[in-house]
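Quick notes on the structure that follows.
Just so it is clear, none of the values below were taken in a lab; they were calculated from the coordinates. Keep in mind the model is a prediction, meaning the values are calculated, not measured. Here the Cβ is made from the backbone with ideal geometry for all residues, glycine too, and neighbour counts use every protein chain on show.
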Amino acid sequence: MICEKFNQLTPFEKVIYIGKLVHAVENDDILFDAGNEIIELANNKGIFKGITIFPTK
């Protein structure tokens, strides 16, 4: 389920938000580690349960 804060962004704002996150983790080791911590937290909360991020089919 998409969180309300993200859902309220315009499509353009969503692209900018995701783009900034990607740019940050691509360009800084500390921010990359923070991104991994976010992923682990989401995993622990069950956010990825039943979800395939990069499906092969």
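So the values come out like this:
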quantity: 23 Å Cα-Cα reach of residue 5 towards lysines, excluding residues that sit fewer than 8 places from it in its own chain; calculated: 14, 20, 45, 49
quantity: Theoretical ellipticity at 222 nm over the chain - DSSP helices of four or more residues, -39500 (n - 2.57) apiece, nearest 500; calculated: -21000 deg cm²/dmol
quantity: Radius, Kirkwood style, for the chain when every pair of distinct Cα atoms is counted (Å); calculated: 13.1
quantity: Dipole magnitude of the chain about its Cα centre (Cβ charges: Lys, Arg +1; Asp, Glu -1), debye to nearest 20; calculated: 420
quantity: Dipole of the chain, positive direction: furthest Cα of 19, 8, 32, with charges on the beta-carbon; calculated: 8
quantity: FRET E, pair residue 15, residue 43, Förster distance 25 Å, beta-carbon r, rounded to 0.05; calculated: 0.50
